[in-house]
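The structure appears below as structure tokens.
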Amino acid sequence: MSDNTNKTHELVQKAYADVARKQSSCCGSGSSCCGDTKAYTVPDHPVPEAELGLSCGNPLAFGFINAGDVVLDLGSGAGKDVFLAAQRVGDAGRAIGVDMTPEMLALARRNAVKFFTTTGLSNVEFREGKIEALPVEDASVDIVISNCVINLSPDKPQVFREVYRVLKDGGRMIVSDIVLNRPLPESARSDAGLYAACIAGALLRDDYLQAIRDAGFRRVEVLSDHTYVVGNVCDDPIARQAASEMSDQAASLDGVAASISVMAAR
């Protein structure tokens, strides 16, 4: 693994470890940290503590998860989407979260105890690992989801190859993520804060979708598409700091990125 890759992982781990320790809310005011739409929140979530507001979409909103499925969440954080998926798949299914940040995993596992107490379901599991090398067996998963995480990877094509590897034939990937509508200014591309805030490391839209196709996926479809607005970073401790530091370039950054949800079939 290259030094640059290691440095990127360390940058992301530090940023999200801080969030896990503080259990802070990204979008307590109701705006999305990754777009001009309302934040994806679940009023009756079985574990409200799992809501850290770090999402940029809702990969669970499109009805592809069925009872008995095995669901894998990339960059599962405090477990918000894992717990929702676990309720959908029921006792006959399983929901697995993968995250590389020990502090997030510890938080998610504490939340899993609360999830069992609330629902009686014991079908969740959290594994430590990087999404470029998933700790998951070949062809063992029905659905892969992810929420504003793949854009943080230093090797996104490898992530999609890994997703393809772990999916069963006929399985689907449904991910929400950040893509660029146009190239970033050089100063923004090299900004560490903007990388952790999901922007500086994002791929151009066409390159992102092509990387999915190149991994072997078919029927690649954009399910939702919302423009990123710098002024809407609200209470996200990562994006807010980045926006403050780049305030002189805010106008040039508005509209440069979008939050999209994508479905692809294996």
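Any read-out appearing in this document is the output of simple, stated calculations on the displayed coordinates, not a laboratory observation. Not measured: the values here are computed from a predicted model. Positions of Cβ are generated from backbone atoms using ideal geometry, with glycine treated the same way; all protein chains shown enter the neighbour counts.
Assorted remarks:
- HN-Hα J in Hz across the range 105-111 - Karplus 6.51, -1.76, 1.60, θ = phi - 60°, x for Gly and Pro: 4, 4, 5, 4, 5, 5, 5
- Karplus-derived 3J(HN,Hα), 6.51/-1.76/1.60, for each residue of the range 82-90, Hz, glycine and proline x: 4, 5, 5, 5, 4, 5, 6, 7, x
- One Cα centroid belongs to the range 95-124, the other to the range 203-224; the line between them spans 30 Å.
- Among the listed pairs 7/156; 14/114; 114/156; 7/114, those beyond 23 Å (Cα-Cα): 14/114; 114/156; 7/114
- Put simply, the amide H of residue 204, placed in the peptide plane, has neighbours under 5 Å in 180, leaving out anything fewer than 5 places away on its chain.
- Gain on full stretching of the segment that runs from residue 62 to residue 127 - 0.36 nm per residue minus C-alpha separation: 20.9 nm
- Residue 179 sits among other residues whose Cβ lies under 13 Å from its own Cβ, and their net charge, with Lys and Arg +1 and Asp and Glu -1, is -1.
- Residue 127 long-range amide H proximity, modeled H, under 5 Å: 97, 98, 99
- Cut-off under 5 Å, modelled amide H: who pairs with residue 70 long-range: 94, 142, 143
- Ascending count of other beta-carbon atoms within 10 Å, so fewest first, for 164, 228, 208: 164, 208, 228
- Full extension of the chain segment joining residue 10 with residue 138 gains 43.4 nm, where the gain is 0.36 nm per residue of separation less the Cα-Cα distance.
- Couplings 3J(HN,Hα) of the range 134-139, computed from phi: 5, x, 9, 5, 4, 6 Hz, in residue order, whole Hz [Karplus 6.51 cos²θ - 1.76 cosθ + 1.60, θ = phi - 60°; x for Gly and Pro].
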